[in-house]
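I have placed the structure first, in the form of structure tokens, so that the comments after it can refer back to it.
Nothing in this text is a laboratory measurement; each read-out follows from the coordinates by a stated rule. Computed from a predicted structure; not experimentally measured. Please note: Cβ atoms are built from the backbone with ideal geometry, for glycine as well, and neighbour counts cover all protein chains shown.
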Amino acid sequence: MSSGMLSQEEIDALLRGTSDPDVETPAESSSELPSSSNDLLNEMERDTLGEIANISMGTAATTLSQLLGKKVDITTPKVDLTTSEQIREDYPVPSVICDVKYKVGIEGSNLLILSQRDGSVIVDLMMGGDGKNPAPGLSELQISGISEAMNQMMGSAATSMSTMFNAMVDITPPNLVLNDMADGKDVIHDFLPQNDPLVRISFRMVVEDVIDSTLVQILPLSVAKGMVDKLLSAMNSASAKPTSPSATPAQPAPPTYQAPQSSPPPAYEAPPYSAPADYPQYGTAQSSSQGRMQTPVQPAQFAPLQPGHQMIQSDNLSLILDVPLQISVELGRAKKTIKEILDMGPGSVVELDRLAGESVDMIVNGKLIAKCEVVVVNETFGIRITDIIHPMERMNSLK
């Protein structure tokens with residue numbers, strides 16, 4: 001280093017965490033960063049990444065709020081460069097790692113990390129619970145619920161990025177892995193390249209009174225820089241467009257069509273007419289108000305009315321008498337949550353909203369027609385009509 005400039009081998013050695021370019025280091029040390037990370041990600045790029053994350057995760061919070069039925073707040077993110085070892089030290093809890101790959105618009109993938117307890121609370125809220133007593137551990141059904149929540153959250157975030165970048169951004173369905181960060185296993189580099197420094201974006205996620213924890217997004221540096229470049233390119237393209245009439249080049253005016261000059265058409269001459277003596281002269285009365293229009297006016301003439309024959313409407317009901325209709329009988333109804341439906345099994349009893357012996361509904365093509373009672377005919381269930389719905393009510397139900 002006597003010349004004051006670093007060679008490529010020395011730069012690679014610094015990225016590997018060694019001072020001797022000829023010394024080989026194990027693969028796990030490749031994630032160590034140089035003492036100063038401003039050369040890898042400057043302040044402007046950090047701010048831009050923070051703005052992208054703030055807008056996209058704000059949309060994701062709205063989506064999660066609709067899924068859970070509770071208010072979800074995701075605070076302004078903190079962006080920094082880190083290593084997988086540092087992430088495990090800062091987040092030593094059983095976690096759910098969600099791998100989301102971009103398939104359109106952005107090349108690469110990113111990870112979302114949340115605690116397993118937060119995932120259990122999210123699933124409990126999705127199933128109609130209060131989220132205050134989540135079950136320990138995660139079953140296959142709970143993992144599937146978390147995957148669906150993450151899929152919708154990141155899908156809405158991708159839609160926001162599409163708007164920011166002015167280009168289509170789409171993702172693949174997420175892949176979930178359960179991991180305990182305290183066990184020392186480097187599961188992060190199972191999804192992200194080892195030779196690329198990591199960008200950590202940390203959010204504080206609050207779901208009313210049931211969740212108050214940290215949500216972490218991990219991006220390879222190359223993917224993060226690609227997002228920054230796309231946003232800056234979109235902003236530059238928008239600013240390059242003319243915004244004032246003076247900046248817009250003058251366009252030649254389209255040729256104006258002029259109709260050829262011609263002589264006016266001859267005035268219309270009405271046929272001679274002799275009105276009865278007692279018929280009012282409309283033409284004379286209107287001549288003063290319409291003198292400028294010079295339009296000839298004459299009273300209307302009607303042919304004498306002749307006695308007609310009464311029209312007899314044919315009975316067209318016979319044309320549809322052979323149209324088949326589907327009849328169904330509704331015994332009663334019940335409303336259950338997804339959790340209650342999933343807990344059902346052989347022998348489960350569902351209580352309906354009708355009393356024993358109460359009339360059932362006869363429904364024809366989805367419309368209530370009559371009230372009935374259930375009977376047995378030759379060892380087969382049947383119904384006996386007890387009351388026909390009033391025709392006016394049936395007509396209102398058809399609207």
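Each of the peptides 116-123, 362-369 was scored by the mean count of other Cβ atoms within 10 Å over its residues; in descending order, highest first, they stand as 116-123, 362-369. Each 5 Å bin from 0 upward holds the following percent of the Cα-Cα pairs of the range 116-239: 2, 9, 13, 19, 20, 15, 11, 7, 3, 1, 0.
Take V377, V187 and order them by how many other Cβ atoms sit within 10 Å, fewest up front. Walk me through the numbers on the way to the answer.
On the way: V377 9, V187 17.
Arranged by neighbour count, lowest to highest, V377, V187 become V377, V187.
Sorted on the mean count of surrounding Cβ atoms within 10 Å across their residues, most packed first, peptides 328-337, 198-207 read 198-207, 328-337.
Express the relative contact order of the range 357-399 as a whole percentage, based on alpha carbon pairs under 8 Å and six or more residues apart in sequence.
32 percent
Taking only alpha carbon atoms, the range 313-352 gives an Rg to Rh ratio of 1.41, where Rh is the Kirkwood radius.
Would you list D322, D47 from fewest to most Cβ contacts within 10 Å?
Working: D322 6, D47 12.
Ascending number of Cβ neighbours within 10 Å: D322, D47.
Based on C-alpha pairs under 8 angstrom that are at least 6 apart in sequence, the range 101-169 has a relative contact order of 33 percent.
As a ratio to 2.2 N^0.38 Å, the alpha-carbon radius of gyration computed for the range 357-399 takes the value 1.30.
Packing here is the average count of other Cβ atoms within 10 Å per residue, and on that basis the peptides 344-357, 158-171, highest first, run 158-171, 344-357. Over the range 33-238, the ratio between the Cα radius of gyration and 2.2 N^0.38 Å evaluates to 0.99. Across the range 105-148, the convex hull enclosing all Cα atoms gives 91 Å³ per residue. Measuring between alpha carbons in the structure, the pairs from K70/K336; K185/K230; K71/K367; K335/K367 lying more than 31 angstrom apart are K185/K230; K71/K367.
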